[in-house]
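This report refers to the structure that appears directly beneath it.
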Amino acid sequence: MCGIIGCVGRGEDTLSTLLHGLDQLEYRGYDSAGVALVGDGDLRVAKRAGKLDALKAVVGDRADLAGTVGIGHTRWSTHGPPTDGNAHPHCACAGRVAVVHNGIIENYQALRDELAADGHEFDSDTDTEVVPHLVEASLEAGRDPEAAFRDAVARLEGSFALACVVEGTEAVLVARNDSPLVLGVDDGATYLASDVPAFREFTARVVYLEDGEFARLSADGWHVADAEGTRLEKSVETVEWDAEDTGKSGYDHFMLKEIHEQPRALRQCLRGRVDELGGSVTLEELPELDLDRAHLVAAGTSYHAAIYGAELLCDVGVPATAFLSHEYATAPPPQEDATVIGVSQSGETADTLAATREARRRGAETLAITNTVGSTMARECDHVCYIRSGPEIGVAATKTFAGQQTALNLLCEYVSPGPIDRDLIAALRDLPSDVQAVLDGSDAEAVGEAYIDSDAYFFIGRALNYPVALEGALKMKEISYKHAEGFAAGELKHGTLALVTPETPVFASVIGDGELARKTVGNVKEVEARDAPVVAVTDGRSDVERYANHVLDIPETHPRAAAILANIQLQLVAYHTAAKLGRSIDKPRNLAKSVTVQ
Ligand code: M6R
């Protein structure tokens, strides 16, 4: 999704600060980029389709591109293809106003027709371009820049994070509605961005903007105001991670680093929340929750965590169902007693926000399970439980999936009407070291290599291992660009078995030696009989090894923890497959880290 950066007070480092911010925002996914700077009263703009290197090449050739106030943007196309002309910033006719935008302006066509009728000429296919023209029209009517910007925003319908600079004005004007924006404040300099990593190197002090709020950043400082221009009190918060957490620390890819960070991430998630001696779980952010029923809403990987979480809740006697958030937002089931749990790494996924908002509209209690402190979902829901994974930069979610699974285990014990599961508590205590054992002993690289030429991969698992199968397939698709499908193991024979051949490896998660494991071993035999290669992810308690071409071991533990470990083996297989294929692992084609449009 589009990324926004802006800064004031960085003097001659303004341009390099913007480019650094854009580098840090790359992980969100983009197809073009640009900057606008105001210096000595003049407004200068540079933008290019393609990767940031293309923009940097242009910027390097432009000695005039200097200024003390600036905005920058990485664009993820929604209206019009990724061309130089469609890249942001967008300017108005007279070139006095430049705007960057994340979101979708739903009434842009009507505004564009109206502005065109008044003589405004448009250069791009974007919805965004109406904004600088609206600001320009208001300036021409005699309004000052701040009022002109507010006038323009008042005409917009849809979602937007906007930043605007105006020739002759040493300030950045900002507005937010439904798309994330955060200010970074420091002595002397002020920043704004779609996400904290863009400016974390310079400051840890942040101010989260709410929907409907405006901000003005200038050399004199910053303030936040409402739509009428009335100033608002805002609290300054401090982020707890440092800039190094957003570097690769010697790993080839953020994804591999984040896979290896899982022991630490899970330790953080568990820290201070489990009292093993007393046999209790404390989630300090939550009040006592009385869950009669739960609806978990999420998308992508987080949806797989939601399926896992729903199964856990059902196990402890709380009826729970996982829903795709985009479906739930438009067609929620009529169970008004359900607490709605939004599961989202970013806390900014538009589909999931739409679902939690719909739940709130209907009067339901809402709870966010998220990694992102201060995110929209964290602020809008009645309650929040943080997974504490630390920043995740790779587009493919890894450590945050394990963090969601772990936090859902804690939530489940926290709300369980029955006695605490002491075996689970012991397994959670050992989970970080069990994850480390998986990482240290994994044969996933050899497995990835063995099946590198396969055109399709299948993943199967039952119960808690069903979301593991779905997630294993999603990881493989996202980063290797190979066809992959995940199934409940019993489902394979109801159709997809027709596609199973000696060229299609089947990954089976088989945990324990109970009935579920025995049935999955039965499914493994079915594919083995069709000469498909089998990769078993197992704790070695079933005899699945007999039918497997490769085995990926996990330590023996509680079945809920085993599902977390099994997934880590599949993350590694996907990673090594994609690495061998030379794919763009951290920024897969067409994908964005945080999907802020519906
Ligand atoms: O930030 P969220 O967890 O709400 O994001 C939801 C999905 O967009 C996300 O999980 C996506 O599927 C990941 N790229 C998966 O790796």
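The values are calculated or read from the model by the stated rules, or taken from the named source; none is laboratory data. As the structure is a prediction and not an experimental result, all values here were calculated from the model. We place every Cβ from the backbone using ideal geometry, glycine too, and count neighbours over all the protein chains shown. Protein only, heavy atoms only, side chains kept; ligands, DNA and RNA dropped before computing areas. Shrake-Rupley method; radii C 1.70, N 1.55, O 1.52, S 1.80 Å.
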Checklist entry - In square nanometres, what is the average projected area of the Cα convex hull of segment 129-194? => result 4.8 nm²
Next on the checklist: Quick check: with the 1.4 Å probe, what order do SER235, SER584, SER138 take by accessible area, largest first?
Outcome noted: SER235, SER584, SER138
Item to check | Cα-based shape type of segment 402-544, given that a ≥ b ≥ c are square roots of the gyration tensor eigenvalues and the cut on a/c is 1.5 | outcome: prolate
Checklist entry - So how many Å³ per residue does the convex hull of the Cα atoms of segment 498-559 work out to? => result 69 Å³
Checklist entry - If you take every DSSP beta bridge whose two residues both sit in segment 261-358, what share of them, in percent to the nearest 5, is antiparallel? => result 20 percent
Checklist outcome for this item: Residues whose modelled amide H sits under 5 Å from the amide H of GLU213, counting only those 5 or more places away in sequence or on another chain, are ARG176
Checklist entry - Mind checking Rg over Rh on segment 377-461, alpha carbons, Kirkwood formula for Rh? => result 1.06
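Which shape class, rounded, prolate or oblate, goes with segment 202-266 when its Cα gyration tensor gives a ≥ b ≥ c as root eigenvalues, a/c under 1.5 marks rounded, and past that a/b bigger than b/c marks prolate?
Taking the square roots of the gyration eigenvalues as a ≥ b ≥ c, segment 202-266 is prolate.
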Checklist outcome for this item: Expected vector for segment 296-305, Karplus 3J(HN,Hα) from phi with 6.51, -1.76, 1.60 and θ = phi - 60°, integer Hz, x for Gly and Pro, equals 9, 10, 5, 9, x, 4, 5, 5, 5, 5
Item to check | Dipole axis of the chain (+1 Lys, Arg; -1 Asp, Glu on Cβ), positive-most option in VAL207, GLY188, GLY374 | outcome: GLY374
Checklist entry - Which FRET efficiency, nearest 0.05, do ARG293 and ALA331 yield, Cβ-Cβ r, R0 30 Å? => result 0.95
Checklist outcome for this item: Label model pair ALA66, GLU526: point-to-point distance (7 angstrom along the Cα→beta-carbon line) in nm is 7.1 nm
Item to check | Cα centroid separation, segment 417-431 to segment 560-598 (Å) | outcome: 29 Å
Next on the checklist: Just to confirm the number: angle between the C-alpha axis of helix 422-441 and the first principal axis of the chain, 0 to 90 degrees, nearest 10?
Outcome noted: 80 degrees
Item to check | Ordering of 470-480, 436-446, 11-21 by burial proxy (mean other Cβ atoms within 10 Å per residue, highest first) | outcome: 470-480, 11-21, 436-446
Item to check | Cα-based radius of gyration of segment 423-484 once divided by 2.2 N^0.38 Å, which approximates compact folds | outcome: 1.36
Checklist outcome for this item: Working note, the chain: Cα radius of gyration (Å, one decimal) and Dmax (Å, whole number) are 25.2, 81
Checklist entry - So what's the angle, to the nearest 10 degrees on a 0 to 90 scale, between helix 559-580 and the longest Cα principal axis of the chain? => result 60 degrees
Next on the checklist: Looking at the calculated P(r) for segment 91-229, what percent of the C-alpha pair distances fall above 27 Å?
Outcome noted: 18 percent
Checklist outcome for this item: Which residues qualify? For GLY29, with a placed amide H closer than 5 Å and at least 5 residues away or on another chain, they are LYS593
Checklist entry - With the Cα gyration tensor of segment 169-208 giving a ≥ b ≥ c as the square roots of its eigenvalues, does the rule (a/c under 1.5 for rounded; else a/b larger than b/c for prolate; else oblate) give rounded, prolate or oblate? => result oblate
Item to check | Calculated SAXS-style log₁₀ I(q)/I(0) at q = 0.20, 0.22, 0.25 Å⁻¹ - segment 458-526, Debye, Cα scatterers | outcome: -0.75, -0.89, -1.10
Checklist entry - Given the Cα-Cα distance of ARG267 and LEU581 and 0.36 nm per residue of separation, how much length would full extension add, in nm? => result 109.8 nm
Item to check | Paramagnetic reach from THR83 in segment 121-153 [backbone N under 20 Å; point 7 Å along Cα→Cβ] | outcome: 121-133
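So how much slack lies between ASP423 and ASP186, counting 0.36 nm per residue of separation and subtracting their Cα-Cα distance, in nm?
Here the answer is 80.5 nm.
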Checklist entry - If you plug each phi of segment 403-420 into the Karplus form 6.51 cos²θ - 1.76 cosθ + 1.60 with θ = phi - 60°, what whole-Hz ³J(HN,Hα) values come out, in order, with x for Gly and Pro? => result x, 5, 4, 5, 5, 5, 4, 5, 4, 4, 5, 5, 9, 4, x, x, x, 5
Item to check | Placed amide H near GLY67: partners under 5 Å, 5+ positions off or other chain | outcome: LEU15
Next on the checklist: Can you compute log10 of I(q)/I(0) for segment 53-129 with the Debye formula, treating each Cα as one identical point scatterer, at q = 0.11, 0.12, 0.20, 0.22 Å⁻¹?
Outcome noted: -0.33, -0.39, -1.00, -1.15
Checklist entry - Computed over the Cα atoms of segment 155-281, what is the ratio Rg over Rh, Rh following Kirkwood? => result 1.10
Next on the checklist: As I understand it, the value is the acute angle between the Cα axis of helix 350-361 and the longest principal axis of the Cα atoms of the chain; what does it come to in degrees, rounded to 10?
Outcome noted: 90 degrees
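Summing -39500 (n - 2.57) over the DSSP H runs of n ≥ 4 in the chain and dividing by its residue number, what mean residue ellipticity at 222 nm do you reach, to the nearest 500 deg cm²/dmol?
Estimated from H runs of four or more residues: -10500 deg cm²/dmol.
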Next on the checklist: If I take R0 = 41 Å and measure r between the Cβ atoms of GLU491 and ASP211 in this structure, what FRET efficiency does the formula 1/(1 + (r/R0)^6) give, to the nearest 0.05?
Outcome noted: 0.50
Next on the checklist: To the nearest 20 Debye, how big is the dipole of segment 111-153 about its Cα centre, given +1 on the beta carbon of each Lys and Arg and -1 on that of each Asp and Glu?
Outcome noted: 180 debye
Checklist entry - What area, in nm² and to one decimal, does the C-alpha convex hull of segment 328-437 cast on average over all directions? => result 8.2 nm²
Checklist outcome for this item: Computed from the beta carbon distance with a Förster radius of 45 Å, FRET efficiency for ASP144 and TRP241 to the nearest 0.05 stands at 0.70
Checklist entry - Rounded to the nearest 5, what is the percent of antiparallel bridges among the DSSP beta bridges in the chain? => result 65 percent
Checklist outcome for this item: For the pair TYR481 and ALA154, the simple spin-label estimate (label points 7 Å beyond Cα toward Cβ) gives in nm 4.9 nm
Checklist entry - Got a sec? What order do ASP455, ASP23 fall in by accessible area at 1.4 Å, biggest, i.e. largest, first? => result ASP455, ASP23
Checklist entry - Taking the alpha-carbon centroid of each part, what is the distance from segment 248-276 to segment 214-232 in angstrom? => result 38 Å
Checklist entry - What does a probe at ARG360 reach in segment 179-194, counting residues whose amide N is under 11 Å from the point 7 Å along Cα→Cβ? => result none
Checklist outcome for this item: The base-10 log of I(q)/I(0) that the Debye equation returns for segment 243-309 at q = 0.17 Å⁻¹, one scatterer per C-alpha, is -0.96
Item to check | Calculated Rg and Dmax of segment 537-598 using C-alpha coordinates, Å | outcome: 16.0, 47
Next on the checklist: In segment 10-39, whose amide N lies under 18 Å from the spot 7 Å out along Cα-to-Cβ of LYS248? List them in ranges.
Outcome noted: 20-30
Item to check | Rg(Cα) / (2.2 N^0.38 Å) computed for segment 275-340, rounded to two decimals | outcome: 1.25
Checklist entry - Taking every pair of alpha-carbon atoms in segment 481-598, what share in percent sits in each 10 Å bin, from 0 to the bin with the longest distance? => result 12, 39, 32, 15, 2
Checklist outcome for this item: Rg from C-alpha atoms of segment 1-104, normalised by the globular rule of thumb 2.2 N^0.38 Å, equals 0.96
Item to check | For segment 585-595, 3J(HN,Hα) per residue [Karplus equation, 6.51 cos²θ - 1.76 cosθ + 1.60, θ = phi - 60°, Hz, x = Gly/Pro] | outcome: 5, 7, 9, x, 4, 6, 9, 10, 5, 10, 8
